[in-house]
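To start, the structure under review is shown below, and the notes come after it.
No value in this document is a laboratory result; all are computed from the given coordinates. On a predicted model such as this, the values are computed, not experimentally measured, just so you know. So basically every Cβ, Gly included, is an ideal-geometry build from the backbone, and we count neighbours across all protein chains shown.
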Amino acid sequence: MPIEACHTISERLRQRFSTARSVFVLTGAGVSAESGVPTFRGGGKEGVWKGLPFSVISSAAMVERDLPAVWEWFDYRRDLLEKLKPNPAHDALARWQSRFENFTLVTQNIDGLHEAAGSNDVLELHGNIWRARCLECEKREDLRGCDNARPPVCQECGGAIRPDVVLFGEMLPPGVFEEAAERASQCDVCLVVGTSAIVYPAAALPEIARAAGAFVVEINPELTPLSAMCDEVIQGKAGEVLPLFEI
Ligand code: BJW
Ligand code: ZN
């Protein structure tokens, strides 16, 4: 397993990428880091908010125990995100959707920055912070037009609402992982960008691609549990490395 420690794209990878018919990309928090979005892990640290590790505040158990605290955490993050813009990594991925016969972008991110960069048909495994969902009737509410505020209850039935994101211990939206897994099993090249690759089932997608014969490439400043099974590992920042694929 060759580890590419500098920011260059090997001839072998360049060749694979330029002739690929089907490209599959899995992104994680690291793809948005250069936009100013804090990651959950990385650099040996785990995110903490008001003394609570994010694995506690972003959990199914917390929604049951203290929904207002969960909202406070997500309101704070929407405020932060509102000011942030896509970076060159998001931009490159948006350009690639029209470059290949088949192109699939799967993200674990809830920040909406891929769509903001112009990517269509993004498979969002963990939901979207710009949507709320009613606990009673499941109606989805768009939070974008809400001027930093949000409706206190469901506009339809008056029930309590929650962020439409997938928290620890919750199931992914029906069908999304299955669709992503199907596309992973059919790709020629799989890029894994800015994820610590420890949260399942998302982390299984590159394994599925590899098992089906794809050329798997990781782009991340740090090594991850996935690095050893990759065909190439480029230890660099997404916003610096992805645009190099186009040169
Ligand atoms: C850069 C960079 C730059 C920095 N450029 N890179 C054992 C086996 C299998 C599963 C489990 C298990 N034990 C528990 C589970 C279940 C659990 C899980 O996987 N836990 C693991 C931690 C072990 N999974 C679940 O609960 C999932 N549901 C599920 O499995 O349902 C079935 C089930 C139901 C009930 C019980 C049991 C099973 C749901 C997972 C939902 C994850 N949700 C979160 C929060 C979303 C809401 C919110 O934002 O608050 O999603 S957790 C958090 O982690 C978030 C992310 O999407 C996810 C992944 O993180 P990501 O994207 O990898 O970010 P980081 O921060 O970890 O890494 C950033 C990386 O970027 C680092 O590597 C940096 O180096 C790098 N980087 N700058 C490129 N410039
Ligand atoms: Zn409702």
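Listed values, structure above:
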quantity: Subset tally (residues that are of a type in the set (A, V, I, L, M, F, W, C), without any contact (Cβ under 8 Å) to a residue 60 or more places away in the chain and more than 9 Å from ligand 1 (Cβ to nearest atom)) for the stretch 29-54; calculated: 3
quantity: Set LEU167, LEU143: member being touching a Ser or Thr at 6+ places or on another chain (Cβ under 6 Å) and either more than 16 Å from ligand 1 (Cβ to nearest atom) or over 17 Å from LEU205 (Cβ atoms) (or both); calculated: LEU167
quantity: Residue check for LEU93: more than 16 Å from ligand 2 (Cβ to nearest atom), surrounded by 15 or more Cβ atoms within 10 Å (Cβ to Cβ) and in a loop (DSSP other than H, G, I, E, B); calculated: no
quantity: Top-ranked residue in the stretch 144-177 [being under 16 Å from the mean Cα position of the chain (by Cα) and assigned to a helix (DSSP H, G or I); ranked as farthest from ligand 2 (Cβ to nearest atom)]; calculated: PHE177
quantity: Residue satisfying all of: in the stretch 100-137; within 16 Å of ligand 2 (Cβ to nearest atom) and in a strand (DSSP E or B); surrounded by the fewest Cβ atoms within 10 Å (Cβ to Cβ) among these; calculated: ARG133
quantity: Filter result for the condition that a residue is without any contact (Cβ under 8 Å) to a residue 40 or more places away in the chain and either within 16 Å of ligand 2 (Cβ to nearest atom) or among the polar types (S, T, N, Q) (or both), over THR224, THR195; calculated: THR224
